[in-house]
Amino acid sequence: MPNSYLDNCGESFIAADGERVKTPGQHFSDTGMMAGVCHHDRVIVWSNMWTPGEQQFYALAIIDFVMAQLPVHWRVGILYDWNLLPQCMPRIVFGISVFHAYGHQWVCQLWYHPRKGNIWGLTDGEGCERLWSDL
């Protein structure tokens, strides 16, 4: 897939904007939470966020933690909005959650939408969204 398609997709999301402040830092040391959930939408790991926006290092820390707990011969599917872990790439299959896929360019949807891959089954990748709704 040409990088130009991926670049255009990145401009579609405000959650990853490190300049966008949703919680005033003068009152709280933590600005949010990030979670990693399994295929059954159960929380595997939590992370406090202390910077504005969904910085990539939060997701990297969660993925790194999960990968360290699993046998090295397991393949892991990750539904997230980006694809950046070269050291784990042989073990990871990336996709984009169903709802978030619609914010991407059409070509990106065709490539990463979970309904287009054969490993996802009926997983929609929206477990964290349901978790936040339940809280």
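Bear in mind that the values in this text are calculations on the coordinates, not laboratory data. A quick note: this is a predicted structure, and the numbers were derived from the prediction, not measured. Here the Cβ is made from the backbone with ideal geometry for all residues, glycine too, and neighbour counts use every protein chain on show.
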### Query
Do any residues in region 106-135 that are on the phi > 0 side of the Ramachandran plot have Cβ atoms under 9 Å from those of residues that are surrounded by fewer than 12 Cβ atoms within 10 Å (Cβ to Cβ), where the two are at least six apart or on different chains, and which pairs are they?
GLY125/PHE99
### Task
For region 28-76, name all the residues that are in contact (Cβ under 8 Å) with a residue 60 or more places away in the chain and among the β-branched types (Val, Ile, Thr).
VAL37, VAL43
